[in-house]
Each structure stands twice: as C-alpha cells, then as structure tokens.
Amino acid sequence: MIADGLRVLFCGINPGLMSAATGHHFARPGNRFWPVLHASGFTPRRLDPAEQDELLASGLGITNVVARASARADELTRDELLEGGRLLAERVLRYEPRWLAVVGVTAYRVAFTEPRARIGPQDRTIGGTRIWVLPNPSGLNAGWSTQAMTEEFGRLRDASQE
C-alpha cells in the first residue's frame with residue numbers, strides 16, 4: 001500500500017502468517033502497531049488491519065522489507081533481508097516518501113548493513129527520504145512497553161509534520 005509523496009511509509013519486517021492469510025499488515029491480534037499508530041496521533045481513530053487502505057488519506061503507507069511470510073521474523077535469512085533492503089530502497093526512490101519508518105531495529109541493521117543503528121532517526125537517507133527506525137510492535141517484543149512505543153511513534157509523527 002504505497003502512493004507517491006507519502007508523509008511516512010511504514011515498513012514491517014515481513015508478513016506473519018495471519019497477515020499473509022488476510023492480506024492485511026500487522027494482522028495478529030496481539031500486535032501493537034494499530035493501537036500505537038492511533039495513540040501516537042497518526043490516525044484519528046484506531047484502525048483495524050482490514051482498514052489499512054485508509055492510511056493513504058492521512059499521507060501514510062505500509063510495506064515490508066521481505067515479502068515472504070513466516071511465523072517469526074527470525075526465520076528470515078541474512079540474504080533475504082539484504083535483498084529486501086535493496087528492493088525497499090528501489091521502492092523508496094520510486095515513490096519518494098518524506099520518511100521511511102522501519103519497524104524493527106534488528107531487521108534494519110541487517111537489511112541496510114548498519115550494525116550500530118539504534119531506534120530513532122538515522123543519518124542515512126535514500127534519495128531525499130529520511131529514515132526513522134521504530135521498535136517492533138510484535139507482542140513478542142517485551143523490551144518495549146506500549147507507552148514507550150507510543151512515545152517513539154509520536155516523535156516520528158512530530159518530525160513528519162515539520
């Protein structure tokens with residue numbers, strides 16, 4: 001779900017099995033993406049995964065680094081992530097969003113060969129697109145509370161409105 005000139009293009013790692021089955025991003029019920037997207041002020045109400053097309057009206061889009069579905073992101077190979085990063089960079093150059101928000105620092109580090117990357121804005125750009133790495137909203141990511149995740153998404157929202 002991408003269009004030209006988006007304010008933010010959110011990028012998950014790859015579809016989980018539920019997302020692959022439904023065709024909707026971040027579809028697993030325990031995933032915090034949709035609640036955090038709303039709580040951080042990106043959307044006027046909490047969207048369900050089936051309503052993902054409504055993001056475009058807010059200047060937002062959504063894609064993945066790797067297209068192959070898996071039960072867990074750690075099932076992806078390094079080569080898959082590197083190739084996914086290359087293809088993602090091509091998409092970003094084609095559609096020119098202001099921000100690319102990669103949801104998952106570990107995948108970002110591999111896909112873009114940035115082993116020291118941290119959550120937050122990155123120095124690297126893709127053309128004129130700036131990059132922000134966000135925490136992975138999977139329920140498996142217990143290292144980030146929903147509140148802390150909402151604050152980080154909010155920092156990106158503020159930056160994307162400047």
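Go through region 3-27 and give me each residue that's assigned to a helix (DSSP H, G or I) and surrounded by fewer than 19 Cβ atoms within 10 Å (Cβ to Cβ).
Pass one, region 3-27, residues assigned to a helix (DSSP H, G or I): 17-22.
Selection gives 17, 18, 20, 21, 22.
Looking across region 55-65, the residues that are at pLDDT below 95 and under 16 Å from residue 23 (Cα atoms) come down to 64, 65.
Of 138, 160, all but one fail to be more than 18 Å from residue 32 (Cα to Cα), open to solvent by less than 60 Å² (accessible area, probe 1.4 Å) and among the hydroxyl-bearing types (Ser, Thr, Tyr); the exception is 160.
Which of the residues belonging to region 106-118 are assigned to a loop (DSSP other than H, G, I, E, B) and either surrounded by fewer than 17 Cβ atoms within 10 Å (Cβ to Cβ) or of a type in the set (Lys, Arg) (or both)? Let's see the steps before the verdict.
First, pick out the residues of region 106-118 that are assigned to a loop (DSSP other than H, G, I, E, B): 112-118.
Residues satisfying the conditions are 113, 115, 116, 118.
The values are calculated or read from the model by the stated rules, or taken from the named source; none is laboratory data. Source: prediction; values computed, not measured. Here Cβ is always computed from backbone atoms with ideal geometry, including for glycine, and neighbour counts include all displayed protein chains. These accessible areas exclude ligands, DNA and RNA; they are computed on the full protein's heavy atoms, side chains included. Shrake-Rupley method; radii C 1.70, N 1.55, O 1.52, S 1.80 Å.
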